[in-house]
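Q: Starting off with a structure, shown below.
The values are calculated or read from the model by the stated rules, or taken from the named source; none is laboratory data. These numbers come from a predicted model, not from an experiment. A quick note on method: Cβ atoms are made from the backbone with ideal geometry, for glycine too, and the neighbour counts reach across all protein chains shown. We work out accessible area using only protein heavy atoms, side chains counted, and drop any ligands, DNA or RNA first. Shrake-Rupley method; radii C 1.70, N 1.55, O 1.52, S 1.80 Å.
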Amino acid sequence: MASLNIPHSATTAPPSVGNKATAGRPIFAKPSHFITHAKRSPRLQLSCSADDGTKVDRRNMLLGLGGLYSAATLAAAPAASANPIQPPELDKCGAAFDLTTGKQLDVNCCPPTSQTVIDYRLPPVHKTKIRRPAHRLTAEQILKYNTAIDRMKNLPQDDPRSFMQQANVHCAYCNGAYDQAGQGQLDLQVHNSWTFFPFHRWYLFFYERILGHLINDPTFALPFWNWDNPKGMTIPAIFVDPKSAIYDPKRNPANLPPAVVDLGMTHSTDPLQVVSNNLTVLYTEMIRGNSDVYDFMGQPYREGTPVNPGPGAPERGSHTAVHVWVGDPREPSGEDLGNFYSAGRDPLFYCHHSNVDRMWSLWQNVLPSGKIPDKTITDPDFLNAAFVFYDENAQLVRVTVKDCLDHRRMGYDFERIDLPWLDYRPPPQTAAARVRRAGKSESAAKARHVFPVVLDRIVRVMVPKTRKGKADEVLVLENITVDTTKFLKFDVFVNDEDDDVAELDKAAYAGTYAQVPHKTADRKATTSIRLKLTDLYDDMDVADDDEILVTLVPRHHGPGVTIGGIKIVENPPKAAN
């Protein structure tokens, strides 16, 4: 190991939170009888109507409640904006829940409160930090990383930059600890919507800056777990040394190196098949399966929207698979990485999400647009969605989505690595395959006779196309009701001729739905997914077909998913926003 002189002065405790410069905007500008420092049970109930029956503007109501809202903030919002998601009120934060018993855990996810918050401005970029694959780090970079995490773990427990406080950021935002400000008992959840990518980008941005600050190295960059390349498809070796600061004992012992990460969650025992499946999963969720920007980013999530409006393809695909694959099945709720409340306690989480962030970057800047005319979302409710984090100086800051759309403006980039999934298009089916699947089609029920269906077994249905030929069509699975406390996953195949569900590297594989266990108010959420069929049709002989055979393959055990309906719709060119 290379020797490295890392100053210790950076580990001194910060000034007490809340004693920052008066330039900060008060979070709680004045006392309010609506705001208490108790846990959010019972929760606040609000009405959006005045006593005389007239409608009350929610923005004016929020002004009266204090919190992160000020006249300056609201006035700055574009006139076209409705109500973007706003940061939570930090002193209204609930506990995490044990997903197996429903009882409160002895865990406090809630961050320290502060009297001031400032609107964050990205600092000037003097030298771009380069995030490298974890399996290619130098000895010096490994030492810096371990030293920084070790110092983070040794910060005072109430320091918002400490290891557990940083882990609790994910617990609070992602496991039902917060309500949407001004929305009563409606959970705030940054997953399964268009806030997924930007929230985690900001989260890692400040995490990286805190680590760099602790070792007095402004060039420090988080590595990424390069699970999209065969050379990186095992847990990076630097994370499995029990003596290192980045080690976590709560990982699935069966999936430690040399086990190959299973992005398809097929449980195939053939490592070569797993690698091929992985590349197919990535090709499908990055290129083949998306018809518009929302299919990739996730569906709109605005103030007042219930949780889980719809995850984008990478979130419900490779992202979820890695969480669950690493999580320890010996733990009651798959801790650490296999559950949202505990995921941030494993340093591997940040390395995993660094690659998730890289996927967004590649999709934005490297991959061809194809039939998606615009990869940007210009909706003001997306651009003005806001979160709060503590920065490297323990200052509470408010950030918006619009300021994180270009990672290079944030001062970092990714080392260029081969993308073996980029051209990993499945081989086309043959005429013989059409004959084989014809027999299966005869025994399959019509979709209208099957749904709604509890997906606790393989289901095969015939779904009518909108018209003959290789039309530009999308398969829609709607009213998917899930038990959020369980790992749930199912794959979708179209005109599958061999029914080998352990193989995804074929034209019949259309996509997936999966979720990481987490807590919601009533343990349930309803969503839908869209899977583009255009390229899939190109790889199959479907020109003369009036309908297609859809096979739904659950990868979980038992009930937990009910699908309300299935249909095919035309996908004419349209604006992404």
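Q: Any residue at all in the stretch 163-178 that's hydrophobic (A, V, I, L, M, F, W, C), open to solvent by 10 Å² or more (accessible area, probe 1.4 Å) and in contact with a Pro (Cβ under 9 Å, 6 or more places away or on another chain)?
A: Step one: filter the stretch 163-178 for residues hydrophobic (A, V, I, L, M, F, W, C), giving 163-164, 167, 169, 171-172, 174, 177.
Still in the list and also open to solvent by 10 Å² or more (accessible area, probe 1.4 Å): 163-164, 169.
Filter once more, so that each one left must be in contact with a Pro (Cβ under 9 Å, 6 or more places away or on another chain): 163, 169.
Yes; the residues of the stretch 163-178 include at least one that is hydrophobic (A, V, I, L, M, F, W, C), open to solvent by 10 Å² or more (accessible area, probe 1.4 Å) and in contact with a Pro (Cβ under 9 Å, 6 or more places away or on another chain).
Q: Still on this structure, I have one more. Here are some residues: Val542, Val501. Which one is assigned to a loop (DSSP other than H, G, I, E, B), open to solvent by 20 Å² or more (accessible area, probe 1.4 Å) and either touching a strand residue (DSSP E or B) at 6+ places or on another chain (Cβ under 8 Å) or at negative phi (or both)?
A: Working: Val542 fails: open to solvent by 20 Å² or more (accessible area, probe 1.4 Å).
The match here is Val501.
For (1) open to solvent by 30 Å² or more (accessible area, probe 1.4 Å); (2) assigned to a loop (DSSP other than H, G, I, E, B); (3) at pLDDT 95 or above; (4) of a type in the set (D, E, K, R), each residue gets a yes or a no:
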position	(1), (2), (3), (4)
Pro242	yes, yes, yes, no
Ile246	no, yes, yes, no
Arg251	no, yes, yes, yes
Leu272	yes, no, yes, no
Leu282	no, no, yes, no
Phe296	no, no, yes, no
Val322	no, no, yes, no
Asp328	no, yes, yes, yes
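Q: Okay, next question. Going by the conditions given, is Gly338 of a type outside the set (A, V, I, L, M), buried (at least 24 other Cβ atoms within 10 Å of the Cβ), in contact with a helix residue (DSSP H, G or I) (Cβ under 8 Å, 6 or more places away or on another chain) and closer than 21 Å to Thr512 by Cα?
A: Numbers: of a type outside the set (A, V, I, L, M): yes; buried (at least 24 other Cβ atoms within 10 Å of the Cβ): yes; in contact with a helix residue (DSSP H, G or I) (Cβ under 8 Å, 6 or more places away or on another chain): yes; closer than 21 Å to Thr512 by Cα: yes.
Yes: the conditions hold for Gly338.
Q: Considering the stretch 196-209 alone, what residues qualify as being out of contact with any helix residue (DSSP H, G or I) (no Cβ under 7 Å at 6 or more places or on another chain) and either over 25 Å from Ala95 (Cβ atoms) or in a loop (DSSP other than H, G, I, E, B) (or both)?
A: Passing the criteria: Glu208, Arg209.
Q: With respect to Ser193, determine if the residue is out of contact with any Gly (no Cβ under 6 Å at 6 or more places or on another chain), more than 18 Å from Asn355 (Cα to Cα), of a type in the set (Gly, Ala, Ser) and in a loop (DSSP other than H, G, I, E, B). Don't jump to the end; show me each part of the working.
A: Numbers: out of contact with any Gly (no Cβ under 6 Å at 6 or more places or on another chain): no; more than 18 Å from Asn355 (Cα to Cα): yes; of a type in the set (Gly, Ala, Ser): yes; in a loop (DSSP other than H, G, I, E, B): yes.
No: the conditions fail for Ser193.
Q: If you go through the stretch 385-399, how many residues are polar (S, T, N, Q) and either in contact with a Lys or Arg (Cβ under 6 Å, 6 or more places away or on another chain) or open to solvent by less than 20 Å² (accessible area, probe 1.4 Å) (or both)?
A: Residues that pass the stated criteria total 1.
Q: Report the residue count in the stretch 466-476 for those that are under 19 Å from Arg288 (Cα atoms) and in contact with a strand residue (DSSP E or B) (Cβ under 9 Å, 6 or more places away or on another chain).
A: Filtering the stretch 466-476 down to residues under 19 Å from Arg288 (Cα atoms) leaves 469-476.
Then keep just the ones that are in contact with a strand residue (DSSP E or B) (Cβ under 9 Å, 6 or more places away or on another chain); that gives 471-476.
Going through the stretch 466-476 one residue at a time, the tally reaches 6.
Q: Please state which of the following conditions Ser276 fails to meet, knowing it meets all the rest: (1) surrounded by fewer than 24 Cβ atoms within 10 Å (Cβ to Cβ); (2) in a loop (DSSP other than H, G, I, E, B); (3) hydroxyl-bearing (Ser, Thr, Tyr).
A: The one condition Ser276 does not meet is (2).
Q: Is at least one residue of the stretch 529-537 farther than 14 Å from Asn290 by Cα and either open to solvent by 10 Å² or more (accessible area, probe 1.4 Å) or touching a helix residue (DSSP H, G or I) at 6+ places or on another chain (Cβ under 9 Å) (or both)?
A: No, every residue in the stretch 529-537 fails to be farther than 14 Å from Asn290 by Cα and either open to solvent by 10 Å² or more (accessible area, probe 1.4 Å) or touching a helix residue (DSSP H, G or I) at 6+ places or on another chain (Cβ under 9 Å) (or both).
Q: Another question, if that's okay. Regarding Pro156, is this residue part of a loop (DSSP other than H, G, I, E, B) and open to solvent by 10 Å² or more (accessible area, probe 1.4 Å)?
A: Details: part of a loop (DSSP other than H, G, I, E, B): yes; open to solvent by 10 Å² or more (accessible area, probe 1.4 Å): yes.
For Pro156, the condition - part of a loop (DSSP other than H, G, I, E, B) and open to solvent by 10 Å² or more (accessible area, probe 1.4 Å) - is met.
Q: For the stretch 470-491, which positions are out of contact with any Lys or Arg (no Cβ under 8 Å at 6 or more places or on another chain) and open to solvent by 20 Å² or more (accessible area, probe 1.4 Å)?
A: Those that are out of contact with any Lys or Arg (no Cβ under 8 Å at 6 or more places or on another chain) and open to solvent by 20 Å² or more (accessible area, probe 1.4 Å): Lys470, Asn479, Lys486, Phe487.
Q: Additional query: Among the numbered conditions (1) touching a strand residue (DSSP E or B) at 6+ places or on another chain (Cβ under 9 Å); (2) among the charged types (D, E, K, R); (3) open to solvent by less than 10 Å² (accessible area, probe 1.4 Å), tell me where Arg201 comes up short.
A: (1)
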